[in-house]
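Following: one structure in structure tokens, then a few remarks.
The values are calculated or read from the model by the stated rules, or taken from the named source; none is laboratory data. All values derive from a computational prediction rather than experimental measurement. Cβ sites come from the backbone with ideal geometry, for glycine too, and all protein chains shown count toward neighbours. Ligands, DNA and RNA are stripped out before the accessible areas are found, and what is left, the full protein with its side chains, is counted by its heavy atoms. Shrake-Rupley method; radii C 1.70, N 1.55, O 1.52, S 1.80 Å.
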Amino acid sequence: ALVEEVDLLQAMYGEAGDEGPGLRVDRLEELRAIQTHLPTLGDLELRSELASLDTVSVVVSIELGFIAEAGEEALLEVSAETSQFYPFSPPAILLSTSFLGRGRERSLLRSVTAALLQSSADDVSGSRQWIAEAAIEASSQAAEALEQLQSRAPDGSDAEERHSAPAAARAWVYFHHIYSKRKRRHIAEWARAAKLNGFSLPGKPGVVCVEGDSTDVDLYLQRVRGLSWQKMSVKRTEVISSNDLEASVVDSEEEMPHSPRLHFANFVELAMTMAEFKAFLEEAGAPDMFDLLFFE
């Protein structure tokens, strides 16, 4: 299904190159080879067959050009990271623009995601073209946002948004298990690429704690969720100071006066027993997190 959809997208947008925006696809030939050898099976049998294969991560990026003021080109990039499980498992969608601040990009992503989820709820056929739908929806909403920007008086508000200090966040995430070497590698590499700090604790159960710019944290969690898990649950999200990692804790049930100071120079993978991990959390100033992660 993904190969056919990429062919459709290529016909719609062309290939990215010197001539301008277009479609870029990583590792598509690998995916073509896998799907060529798959028998024609019913959905349940096909899922079982796919599950027996090593996962192939495929990134599809579409650059869409708009004409901004003074004839300059404004760009929107829609990226979707997916695998041979597509469309059974929806892709992780990422958006970036050359004309919106990070806060508005975040709002755009949320709006596009909400539209996709709504159309998914209304769909009864089970046959989705997530990436094409995301590109069309994002293009429409981005064009509206660009039009709104161009119709406003140049009061500097958008430039101010781009240069304002970003909010910071820390997320605590529970996993039924983290065993796959590939997933463990992605968890660490994606966090470091986004300049996020924190740690992962592989095993059964597994834990990830990630901290940094709130937008980057949200996009990182969306990307990790796209890897397909038996269970992944964000147990708590904390709003923290970008200066010293101290501020209010925002929880679904309570507000705490401060957040624990967990200082990491990078993102690390821990190798600990549960007893050692509990002691680690207590030393970090987060003694309540052990029970929250594993018993609530």
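Listing for the model above:
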item	result
Pair list, Cβ < 9 Å and 6+ apart or interchain, from region 75-101 residues that are within 30 Å of GLN148 (Cα to Cα) and assigned to a loop (DSSP other than H, G, I, E, B) to residues that are open to solvent by 40 Å² or more (accessible area, probe 1.4 Å) and of a type outside the set (D, E, K, R)	SER98/LEU75; PHE99/LEU75; LEU100/SER107; GLY101/ALA159; GLY101/HIS163; GLY101/SER164
Residues of region 211-241 satisfying the condition of being modelled with pLDDT of 85 or more, among the hydrophobic types (A, V, I, L, M, F, W, C) and open to solvent by 10 Å² or more (accessible area, probe 1.4 Å)	LEU221, TRP229, MET232, VAL234
When residues of region 127-142 are limited to those that are without any contact (Cβ under 8 Å) to a residue 40 or more places away in the chain and of a type outside the set (Val, Ile, Thr), the one surrounded by the most Cβ atoms within 10 Å (Cβ to Cβ)	GLU137
Residues of region 174-189 that turn out to be touching a helix residue (DSSP H, G or I) at 6+ places or on another chain (Cβ under 7 Å) and part of a strand (DSSP E or B), as a count	2
Residue tally, condition buried (at least 22 other Cβ atoms within 10 Å of the Cβ), at pLDDT 80 or above and within 16 Å of the chain's Cα centre (by Cα), over region 73-88	2
For LEU149: the one exception among (1) more than 24 Å from GLU77 (Cβ to Cβ); (2) modelled with pLDDT under 90; (3) surrounded by 14 or more Cβ atoms within 10 Å (Cβ to Cβ)	(1)
Cross-chain or 6+ apart pairs with Cβ under 8 Å, region 1-14 first and farther than 14 Å from ASP26 by Cα, then part of a loop (DSSP other than H, G, I, E, B) and open to solvent by less than 70 Å² (accessible area, probe 1.4 Å)	ALA1/TYR86; ALA1/PRO87; TYR13/PRO21; TYR13/GLY22; GLY14/GLY22
Single residue of region 247-273 satisfying the filter (modelled with pLDDT under 90 and among the polar types (S, T, N, Q)) that is nearest to ARG170 (Cα to Cα)	SER259
Test set (1) at pLDDT 85 or above; (2) open to solvent by less than 80 Å² (accessible area, probe 1.4 Å) - GLU276 fails condition number	(2)
Qualifying residue in region 187-210 (condition: touching a residue at least 24 places away in the same chain (Cβ under 8 Å), open to solvent by less than 30 Å² (accessible area, probe 1.4 Å) and charged (D, E, K, R))	no
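Here is a yes/no grid of residues against (1) modelled with pLDDT of 75 or more; (2) out of contact with any Leu (no Cβ under 9 Å at 6 or more places or on another chain):
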| position | (1), (2) |
| --- | --- |
| PRO39 | no, no |
| VAL56 | no, no |
| VAL59 | no, yes |
| ILE62 | yes, no |
| GLY71 | no, yes |
| PRO90 | no, no |
| LEU109 | yes, no |
| ALA114 | yes, yes |
| ALA135 | yes, no |
